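Below is one structure, written out as structure tokens, with a few remarks after it.
The values are calculated or read from the model by the stated rules, or taken from the named source; none is laboratory data. What you see is a predicted model; the values in this text were computed from it and never measured. Positions of Cβ are generated from backbone atoms using ideal geometry, with glycine treated the same way; all protein chains shown enter the neighbour counts. These area figures cover heavy atoms from the full protein model, side chains too; ligands, DNA and RNA do not enter into them. Shrake-Rupley method; radii C 1.70, N 1.55, O 1.52, S 1.80 Å.
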Amino acid sequence: METLTHDIVIVGAGLAGLRAAVAAAEFSSKIDIAVISKVYPVRSHSVCAQGGTAAVLREGDSNDLHAWDTVKGSDFLADQDIVEFFVKQAPEEIVTLEHWGCPWSRTDDGKINQRPFGGHSFPRACFAADMTGFHEMHTLYGKATAYDNIKFYDEWFVTSLIVEDNVAKGLTVINLKTGDMHAFRTKAIIMATGGYARIYEFTTFSHTATGDGMTIAYRAGVPLKDMEFIQFHPTGLVPSGILITGGARGEGGYLINAKGERFMKRYAPEKMELAPRDIVSRAETTEIQEGLGLESPYGPYIALDLRHLGEEKINERLPLIRDVAIKLSGVDPVKEPIPIRPAAHYSMGGIHANIKTETPLSGFYAAGECSCLNVHGANRLGTNSTTDCLVFGTVAGEEAAKYALSNSFREIPREKILTEERRVFDEILGREGDERVSVIRDEMRRIMSEKMWVFRKGDELESALKELRNLKERFKNIRVEDKGRTFNTGLVAALQLDFTLDLAEVTIAGALPRTESRGAHSRPDYPKRDDENWLKHTLAYYTKEGPRLEYIPVTITKWPPAVRAY
């Protein structure tokens, strides 16, 4: 087995990973940086971000207002010191991307344009039509490839973290082109592998978004934080689940039920369609449950009506949305409403990390959606996620660079590498059981979609946890049909399922004891927020028997919990 050596290894080449790579490279030209991605970088899920990136750029807006919107949107579970830092740094990232060539949409006088977005009290979503993530990604990838000290390992799959004496020393990685496993020896590791909403059936996520880095960190002893808080985006296209940006509502789109009513007046009379995502998703689900959804061969849905915006505005501001609706749903939004319903979209939880993106492991950092710092609390506001990737990708790159410059390489124990090689190739690829990866994966998604969706109840969560653990037992008896090594997509699917089963278990295990409704965690059996008992973060630690839960307090600086109304 070959051992490769780099000062910093970044896992993931989405917005957070690329921003971290550039930040580290700019910090010092002496640092040797590797970026590992299981896909070609500009195929990372970050290209799917559509609506915008939040930042304070205009007179009338302020850092305090952006912070307050974020804290209120989080249902007061965000750590407010992190939020204040986050909003302060955001404008700098927008200007930096502008200087690097990001083609932001413009106002008539040439300024970066900003649109309204759900939960924000000021139009602060900087956007590039409805392809913001696509353009940000290409800008960052172009920038990253200009540095001689950044090397990309495209289509390499990370399987484990090598840890000794609470220090992250390296990684085991499969070169998918050859099927060979390699060890990476490094001083610092940044995990930037994104979210894991593919544990659900109906989701806006790419098929590759399986939360690998979260499980890898979890199994190495790093706790996962607040994993019970999964965001459901109100406008997933029926039947595919592909994202219809919140920018469609930011531009003035209406949500209507089978009666043609703009029903949000009953749930958020002031904000209407621009209420935070958790509130809109619950409203849509309630309308459907009460028989007010429109009917389709794919089940009931809600309609997103853009017709009143006119063809010219739709083509200027929402060209991708029109194209996607026509090609994947057979609907032209200029002429008829778009069929949508809530779709699994984002994880507020992730790898436990602090304001410097440091985790409890020395030399190990986390940024972007795979991390939980905690900016978003119980519910993320739209357009805060891409900002999060940029702000804390920068922080992670700089902090990892400082660490790498002041520390030496450590030898990685060969036995740990060999143990992982046996796990992957003998225990998973070499098994001859009668279970199939696709069957177990579909069953996991069914369980999560039926019992861990927008609304979840205690008895259903208990049942889901039992069923999920049964699936984990069944996974021990799988068979991967293709026994070859070169581009073995069957092996990749098995490894990803192994990771997602752990994440699904942690998600349910965190939700079950939280006997309250807060943000995206909505319990009809406990309908009220309970600040006395549950104003705290959940930490889940890996054990062979399942996650062990602990709790830590929320940091409050300026804004004590208040009634959350829109």
Name, by its number, the condition in (1) out of contact with any Gly (no Cβ under 8 Å at 6 or more places or on another chain); (2) open to solvent by 10 Å² or more (accessible area, probe 1.4 Å) that does not hold for TYR403. (1)
Of the criteria (1) more than 15 Å from CYS126 (Cα to Cα); (2) part of a helix (DSSP H, G or I); (3) touching a strand residue (DSSP E or B) at 6+ places or on another chain (Cβ under 9 Å), which one PHE76 fails: (2)
Residue list for the stretch 476-502, filter: assigned to a loop (DSSP other than H, G, I, E, B) and open to solvent by 20 Å² or more (accessible area, probe 1.4 Å): LYS476, ASN477, ARG479, GLU481, ASP482, LYS483, GLY484, ARG485, THR486, PHE487
Based on what the data block shows, is GLY51 under 24 Å from GLU273 (Cβ atoms), surrounded by 21 or more Cβ atoms within 10 Å (Cβ to Cβ) and not acidic (Asp, Glu)? yes
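Conditions tested, residue by residue: (1) among the hydrophobic types (A, V, I, L, M, F, W, C); (2) within 30 Å of the chain's Cα centre (by Cα); (3) farther than 26 Å from SER160 by Cβ; (4) in a helix (DSSP H, G or I).
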| position | (1), (2), (3), (4) |
| --- | --- |
| ALA400 | yes, yes, no, yes |
| PHE409 | yes, no, no, no |
| MET444 | yes, yes, no, yes |
| GLU450 | no, yes, yes, yes |
Which residues, counting only those in the stretch 164-220, are open to solvent by less than 20 Å² (accessible area, probe 1.4 Å) and of a type in the set (Asp, Glu)? ASP212
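Condition test on ASP530, is it without any contact (Cβ under 8 Å) to a residue 40 or more places away in the chain and acidic (Asp, Glu)?
Values: without any contact (Cβ under 8 Å) to a residue 40 or more places away in the chain: yes; acidic (Asp, Glu): yes.
Spelling it out, ASP530 is indeed without any contact (Cβ under 8 Å) to a residue 40 or more places away in the chain and acidic (Asp, Glu).
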From THR208, THR178, THR186, residue being under 30 Å from ILE242 (Cα atoms) and not hydrophobic (A, V, I, L, M, F, W, C): THR208
Determine whether the stretch 120-132 contains at least one residue that is hydrophobic (A, V, I, L, M, F, W, C), open to solvent by less than 60 Å² (accessible area, probe 1.4 Å) and in a helix (DSSP H, G or I). no
If we ask which residues in the stretch 23-34 are assigned to a helix (DSSP H, G or I), among the hydrophobic types (A, V, I, L, M, F, W, C) and either open to solvent by 10 Å² or more (accessible area, probe 1.4 Å) or more than 11 Å from ALA396 (Cβ to Cβ) (or both), their number turns out to be 2
Quick check on my filter: what residues within the stretch 35-44 are out of contact with any Phe, Trp or Tyr (no Cβ under 6 Å at 6 or more places or on another chain) and either open to solvent by less than 50 Å² (accessible area, probe 1.4 Å) or among the basic types (Lys, Arg) (or both)? SER37, VAL39, ARG43, SER44
Restricting to the stretch 333-366, name every residue that is part of a loop (DSSP other than H, G, I, E, B) and open to solvent by 20 Å² or more (accessible area, probe 1.4 Å). VAL334, LYS335, GLU336, PRO337, ASN354, ILE355, LYS356, PRO360
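Residues checked against (1) in contact (Cβ under 8 Å) with a residue 60 or more places away in the chain; (2) assigned to a loop (DSSP other than H, G, I, E, B); (3) touching a helix residue (DSSP H, G or I) at 6+ places or on another chain (Cβ under 7 Å):
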{"site": "LYS327", "(1), (2), (3)": "no, no, no"}
{"site": "ALA378", "(1), (2), (3)": "yes, yes, no"}
{"site": "THR387", "(1), (2), (3)": "yes, no, yes"}
{"site": "THR394", "(1), (2), (3)": "yes, no, yes"}
{"site": "ALA404", "(1), (2), (3)": "yes, no, no"}
{"site": "ILE412", "(1), (2), (3)": "yes, yes, no"}
{"site": "GLU420", "(1), (2), (3)": "yes, no, no"}
{"site": "GLU427", "(1), (2), (3)": "no, no, no"}
{"site": "GLY433", "(1), (2), (3)": "no, yes, no"}
Read through the list (1) hydroxyl-bearing (Ser, Thr, Tyr); (2) surrounded by fewer than 24 Cβ atoms within 10 Å (Cβ to Cβ); (3) assigned to a helix (DSSP H, G or I), then give the number of the only condition that THR5 fails. (3)
Only one of (1) in contact (Cβ under 8 Å) with a residue 40 or more places away in the chain; (2) open to solvent by 20 Å² or more (accessible area, probe 1.4 Å); (3) over 30 Å from GLY430 (Cα atoms) fails for ARG523. Which number is that? (2)
Which is more than 23 Å from ASP75 (Cβ to Cβ), open to solvent by less than 30 Å² (accessible area, probe 1.4 Å) and over 25 Å from the mean Cα position of the chain (by Cα), of GLY260, GLY330, GLY241, GLY252? GLY252
Can you go through GLU505, GLU550 and tell me which one is within 19 Å of LYS225 (Cβ to Cβ) and surrounded by 19 or more Cβ atoms within 10 Å (Cβ to Cβ)? GLU505
Assuming GLY291 fulfils every condition listed in (1) surrounded by 14 or more Cβ atoms within 10 Å (Cβ to Cβ); (2) within 25 Å of ARG523 (Cβ to Cβ) apart from one, which condition is it? (1)
